[in-house]
Amino acid sequence: MVRKSGNVPIHTMALEDSRSSTLPSFLYKSKGFKAPAPAIPINGQSSRFLIPSPDETRKIAMYSPEFYAACTVGGALCCGLTHTAVTPLDVVKCNMQIDPAKYKSTASGFGTLYREAGPKGLFKGWVPTLFGYSAQGAFKYGLYEFFKKYYSDLAGAENAYKYKTFIYLAGSFSSEFFADIALCPMEAVKVRVQTKPGFANGLLDGLPKITRAEGVAGLYRGLVPLWGRQIPYTMMKFTCFEATVEALYKNVVPKPKDECSNVEQLGVSFAGGYIAGIFCALVSHPADNLVSFLNNTKDATVGQAVKSMGLVALVTRGLPLRIVMIGTLTGAQWVIYDAFKVFVGLPTTGGVSKAPEELTTPLPLPTA
């Protein structure tokens, strides 16, 4: 027999008192957010952590399949759309990396491509770009959210707060490892379409042409240098973004994140993303040159590529253009991703981390 206090069963009150969230609070801090109290199982069904949106109570279960689906779709949208939009810059960059004698600068590169192929030439490879980077973005953002929680749970709330930078680094490393496997075949087609005149018109004829000549393995010849480019890039992208956004809310934005409008929060997302993008370009550019060289030169090795290009060219060739491209790209990606999260009822990414209660509760004074 169950005794009641008012209209609430005693055993329900006991459950509410005894259970508490094990999720680090800094993972879901946003405007109007509080650490979610766990729901009580009803009719034997498991509970979920319910997260209200910044402006209204749309209910979406944190770390549920719906949550990861939303992050996956947001990642596909932000990466696919932005990379496709900057296809002309990418075409010029890749050609400058492959044939610097012909494409000596950004301006002359645009002029040369326009004269030889017209406006259509500036958008060569846009279809494999759209498909490839949509797949990559889906894995990158969806798995980053998954691994960030997974490693936080392994570390525990206290360590997840104290070593949050390592949580970001580990989560982004793991997510990009799988994201590049999804991207690599489309990247191989894209680079050859963009840098080899007459090779193919796009994805439909380029993909089978590679597989007939080199087998499926030909689509993954650039996987290792792609990991070398994208994994450091993504580790910098997520970790620098999280740190920059926290620093902006602490030192630049004149009011707490909870008091900022959605537009103001998205402005912070863009600023944090652009700053992170500059560092992303710097750490990943040598590998980007290698990817372009290897995908354009049959049977070449990494050692041959480095020897042919030289170390200085490996680090600097096409770098200014890539800084502009990646800075803009990364800022836009974070705006699109966070805007989509807000749209479906989730908080924007990042903010000022607050220490778990066990780190802020003073220790009791020793008794005599």
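Observations on the structure shown:
- Residue, modelled with the highest pLDDT, within the range 201-235, restricted to residues that are under 15 Å from Lys298 (Cβ atoms) and outside any helix (DSSP H, G or I): Gly215
- Listed here are the helices (runs of 4 or more DSSP H) enclosed by the range 259-349 that have at least 3 residues being touching a Gly at 6+ places or on another chain (Cβ under 7 Å) and open to solvent by less than 10 Å² (accessible area, probe 1.4 Å): 262-296, 319-344.
- Of everything in the range 104-123 that is out of contact with any Leu (no Cβ under 9 Å at 6 or more places or on another chain) and open to solvent by less than 20 Å² (accessible area, probe 1.4 Å), the residue that is modelled with the lowest pLDDT is Gly118.
- In the range 86-103, the residue that is nearest to Ala339 (Cα to Cα) out of those that are open to solvent by 10 Å² or more (accessible area, probe 1.4 Å) and free of Cβ contacts under 8 Å to residues at least 60 places away in the same chain is Pro88.
- Residues that are at negative phi, in contact with a helix residue (DSSP H, G or I) (Cβ under 7 Å, 6 or more places away or on another chain) and among the small types (Gly, Ala, Ser), drawn from the range 309-337: Gly327, Gly331, Ala332
- Among (1) farther than 28 Å from Ser174 by Cα; (2) in contact (Cβ under 8 Å) with a residue 60 or more places away in the chain; (3) open to solvent by less than 60 Å² (accessible area, probe 1.4 Å), the one test that Val253 misses: (2)
- Total residues in the range 208-243, condition more than 19 Å from Ala287 (Cα to Cα) and buried (at least 20 other Cβ atoms within 10 Å of the Cβ): 5
- Residues of the range 57-92 satisfying the condition of being modelled with pLDDT under 85 and touching a Lys or Arg at 6+ places or on another chain (Cβ under 6 Å): Ala61
The values are calculated or read from the model by the stated rules, or taken from the named source; none is laboratory data. Treat the numbers as computed from the prediction; the structure is a model and nothing was measured. When we count neighbours, we look across all protein chains shown, and the Cβ atoms used for this are built from the backbone with ideal geometry, even at glycine. Quick note on the areas: whole protein, heavy atoms, side chains included, nothing else; ligands and nucleic acids left out. Shrake-Rupley method; radii C 1.70, N 1.55, O 1.52, S 1.80 Å.
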